[in-house]
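The values are calculated or read from the model by the stated rules, or taken from the named source; none is laboratory data. Predicted model only: the values in this text are computed from it and were never measured. Every residue, glycine as well, gets a Cβ built from its backbone with ideal geometry; the counts of neighbours run over all protein chains shown. Each accessible area value is taken on the protein alone, full model and side chains, heavy atoms only, with ligands, DNA and RNA left out. Shrake-Rupley method; radii C 1.70, N 1.55, O 1.52, S 1.80 Å.
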Amino acid sequence: MSTTATPHRVHGLLLHLGTSTLPTVHGDFTVDLCQNLFTRNLVLAVSQGDLRSPAPLLARVHSSCITSESYGSGDCDCAEQLDAALGHIARAGRGIVFYLSQEGRGAGFTAKVRDRMIVQASGNTLTTFEAYERMGLGKDHRVYDEVAALRDLLGITAPLRVLTNNPDKLAAIATEGVAIAGTVALQHAASPFNVQYLAAKLDSGHVLNGGSASARAAELPERVEYFEPYALPGVPSLIHVASYLVPILLRVGVPARAADGPHWFWLHAYFDVQQSRERVVVSYPRSAAAVPLARVQRESLLDRFPLRGGGVHKPAWQATVRAIVRNGAGAVVFVDESAEVDERVVWLLARHVGPRCRPLVDAPRSPATVDVSAALERFGVATEPATFLSDP
């Protein structure tokens, strides 16, 4: 018996999994999906044009930011930089984004959310870099060996014209043996929600224009308190690591997306010791009289890019935010695109909606619909008939 195997290339620690088309608001890009065989992280190369030409190649080396790219948080500039980089490449007709799984400047998602909690609990008197120092971390833990490996996998020999404002990043990429042909700045105006973050970047050596830190900072709608991580009563393998406020901005319109918001939600982060992963719940407790909406929301890696039509799951997330804001109360637990909705996920959701809720689900007969009513009721939550995202 003979079989035909699908070939996969390997270089260094990277295994090439496949190639597909990514339909962004800036045009179609080719995406090469790879996996780091040591960290198990996924790595993307998102490109346009002839990558094998010897002419300098426009490139963005981008670290993942799930809070801005998936949830729509406006307290950093990561999603804006990713969007701007794709726009630069599309206008040039040739270039690449190296998308690396390096949340929290390489320190991880838990460090990132605790950073935000520390900064907000200080009344924004501490910077993100000072918060890292308090956690015993350096200001940047990112590494760029995957960039060199991706170049070799894709046959890129041209020097890179790097889209960045960060001289330290440029130097770190060069130490991996990657030839640099210069830089292109990614400049954009600060908002009231990220001005302090950008000011900290400016002070740390980032090359930003004069207006990047001139906006007036937004005031938090509620006080954020610092706490040390603690195990949840009854489920000691779930560790509550951070809670802080996120200004969610729903970007709509093509190509220049105007912001709908901010809608201030609480982000609650937990570390699941049993499954060795983080779990995230966002909640909106603005009206004590409202029956909270409860939702399990899918998230996918490719939806983090600015896609035509909004992507697979992001339109539902934006509709969820609007529905919860209109309702006055609600909570959402995030799960990966292909993950099972297990008891631990539902238990966390139940913890945040209280004794009574209305499940918020996708349109009837949608394959993405997750109705968690029965599971919530097993945890003592009385559920009212589900509300569909298509409902007015």
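Points to keep in mind about this one:
- Condition met for Asp303 (of a type in the set (D, E, K, R), closer than 23 Å to Cys65 by Cβ and in contact with a His (Cβ under 9 Å, 6 or more places away or on another chain)): yes
- Selection count, the stretch 124-136, where residues are over 21 Å from the mean Cα position of the chain (by Cα) and part of a loop (DSSP other than H, G, I, E, B): 5
- Residue in the stretch 34-46 that is in contact with a helix residue (DSSP H, G or I) (Cβ under 6 Å, 6 or more places away or on another chain) and among the hydroxyl-bearing types (Ser, Thr, Tyr) present: no
- Qualifying residue in the stretch 317-324 (condition: charged (D, E, K, R) and in a strand (DSSP E or B)): no
For every residue, the table says whether it meets (1) over 14 Å from the mean Cα position of the chain (by Cα); (2) assigned to a loop (DSSP other than H, G, I, E, B); (3) of a type in the set (D, E, K, R).
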| site | (1), (2), (3) |
| --- | --- |
| Arg40 | yes, yes, yes |
| Ser47 | yes, no, no |
| Asp75 | no, yes, yes |
| Ala84 | yes, no, no |
| Ala90 | yes, no, no |
| Arg105 | no, no, yes |
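- The selection criterion, being free of Cβ contacts under 8 Å to residues at least 60 places away in the same chain, touching a helix residue (DSSP H, G or I) at 6+ places or on another chain (Cβ under 8 Å), within 18 Å of Tyr71 (Cβ to Cβ) and part of a strand (DSSP E or B), does not hold for Val312.
- Considering residues of the stretch 164-194 that are crowded, with 17+ Cβ neighbours inside 10 Å and small (Gly, Ala, Ser) only, the residue modelled with the lowest pLDDT: Ala190
- Test for Asp168: is it without any contact (Cβ under 8 Å) to a residue 60 or more places away in the chain and acidic (Asp, Glu): yes
- Which listed residue is over 21 Å from Tyr99 (Cβ atoms) and surrounded by 22 or more Cβ atoms within 10 Å (Cβ to Cβ), from Arg134, Arg114, Arg151: Arg114
- Among the candidates Ala386, Ala339, residue that is more than 29 Å from Leu86 (Cβ to Cβ), of a type in the set (Gly, Ala, Ser) and open to solvent by 20 Å² or more (accessible area, probe 1.4 Å): Ala386
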